[in-house]
Amino acid sequence: MYIHKFTIHQKAGLKMKIIQSYFNILLIMVFFACSSQEYTTAKLALQQSDFKKAAEWLPKAMAVEPDNPEIPIVMAIEIHAENEKWIDMVKLLNRAIDINPDKVIEIRGSFIPVKDAVNNYIEFYWAKEFNAGVEQFKKIQNDPDKKNQYLDVAINHFTNAATIKPSDSNTYTTLAKCYLDKGDKVAAKDAVIAAVEKNPESFDANFSAGQILSRTGLDSKQVLPYYRKAVEIEPSNSKVLRELAGTYYDIGEKEESVTIFKNAISNEVDKIVKADLYFNLGVIYSQMCDYEESEKAFDEAFFLNEEDFEAALGMARSYEGLGDNYLNGGEGCGGVFEKDSDKAARWYRKAEKKIKSVMIIDIDNKDVYRKNLELVRFKRDIAEGG
């Protein structure tokens with residue numbers, strides 16, 4: 001019979017393994033010795049994956065060791081989280097924080113302060129539910145016929161995420177968008193208002209509230225405070241400045257709208273977006289009958305975006321409208337106009353000139369512009385014949 005002989009190094013290694021095993025056993029014995037019988041029973045049940053028994057003994061352990069923050073965390077993640085009972089999980093995690101946030105505890109083989117353990121698990125389960133909701137949106141793209149079905153599942157996941165981490169305003173705004181996609185405006189309104197209430201200093205929460213609430217039927221005056229708060233948080237954000245300016249315009253405060261549009265233009269670096277801002281500014285000036293400033297704004301819009309033929313036509317429409325006021329007389333454009341055929345013809349000719357300039361550039365839509373041109377010439381002929 002052959003008997004293997006250990007070398008000196010193998011003997012030393014074997015001895016170290018034995019010592020390490022004894023040390024590990026000693027640690028376990030000390031660890032369990034510090035626990036109550038109830039908690040020891042619960043931990044042994046968890047080691048054996050007997051979760052039903054663990055769920056029975058963990059509450060008993062908490063009753064015996066009310067000052068031990070480890071037990072509610074173990075109960076939260078091993079029992080409630082596994083059963084997706086998020087409200088119960090959050091209650092126990094908060095209970096552990098209330099007991100002692102700085103105490104170092106042992107969770108799944110790691111020693112970690114209570115507050116770090118709670119934060120880690122909150123983030124983990126929040127991300128799990130939030131990402132599960134996002135996955136449902138991806139399914140809608142490939143299977144739009146089941147849109148509402150996927151939205152229902154997404155709403156469930158986002159609701160869970162909000163329960164797990166109530167402080168995250170992004171969860172509520174995403175939830176609001178889901179409800180809006182389903183056509184449930186009441187639920188969308190409640191969700192986005194909750195986002196602001198949870199985090200009133202969040203730019204995204206206030207900005208989203210303004211956008212979503214305007215789609216749920218609230219009027220511009222009710223939406224205005226959310227955009228104003230968003231601008232207060234990020235004064236140079238051209239996106240919200242644009243929305244705020246538009247809101248002021250909707251409620252008739254055109255001077256304030258002009259001021260904010262100018263502010264948005266000064267803070268915008270994207271040429272296309274800046275062109276849109278100038279176009280909107282031109283529309284407002286036109287409605288205020290300030291045609292000189294209106295023309296400047298439309299020209300800037302066209303200079304920044306040569307494909308924005310609508311900007312060039314904006315001026316033509318303004319001139320045509322002014323020509324109509326002088327042709328017909330009466331109230332219009334914020335004042336009373338006396339009939340003046342010469343002035344009407346003059347403004348119609350300016351409108352013609354603008355339309356012709358666009359026709360030369362935008363050849364593909366020449367027929368559309370020709371119809372506009374014929375209408376303006378028809379009006380000019382009436383004015384000149386008068």
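In table form, for the structure just shown:
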| quantity | calculated |
| --- | --- |
| Qualifying positions in the range 281-312 - assigned to a helix (DSSP H, G or I), among the hydrophobic types (A, V, I, L, M, F, W, C) and either in contact with a Cys (Cβ under 7 Å, 6 or more places away or on another chain) or buried (at least 23 other Cβ atoms within 10 Å of the Cβ) (or both) | L281, A297, F298, A301, F302, A311 |
| Test: D324 is in a helix (DSSP H, G or I), modelled with pLDDT of 85 or more and either aliphatic (A, V, I, L, M) or out of contact with any Pro (no Cβ under 9 Å at 6 or more places or on another chain) (or both) | yes |
| Residue in the range 116-126 that is exposed (fewer than 14 other Cβ atoms within 10 Å of the Cβ) and in contact (Cβ under 8 Å) with a residue 12 or more places away in the chain present | yes |
| Conditions (1) assigned by TED's automatic domain parsing to the domain that holds I73; (2) over 14 Å from A76 (Cβ atoms); (3) in contact (Cβ under 8 Å) with a residue 12 or more places away in the chain; (4) surrounded by 13 or more Cβ atoms within 10 Å (Cβ to Cβ): number failed by G133 | (1) |
| Every pair of residues 6+ apart whose Cβ atoms lie under 6 Å, when the first sits in the range 310-323 and is at negative phi while the second is of a type in the set (K, R) and at pLDDT 80 or above | M315/K354; A316/K354; Y319/K350 |
| Top-ranked residue of the range 58-95 - restricted to ones that are under 36 Å from the mean Cα position of the chain (by Cα) and in a loop (DSSP other than H, G, I, E, B), ranked as surrounded by the most Cβ atoms within 10 Å (Cβ to Cβ) | P69 |
| Within the range 195-240, tally of residues that are of a type in the set (A, V, I, L, M), more than 15 Å from T173 (Cα to Cα) and in contact with a Phe, Trp or Tyr (Cβ under 8 Å, 6 or more places away or on another chain) | 3 |
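The values are calculated or read from the model by the stated rules, or taken from the named source; none is laboratory data. Predicted, not measured: the structure shown is a model, and the values here were computed from it. Quick reminder, even Gly has a Cβ in these numbers, built from the backbone with ideal geometry, and neighbours come from all protein chains shown.
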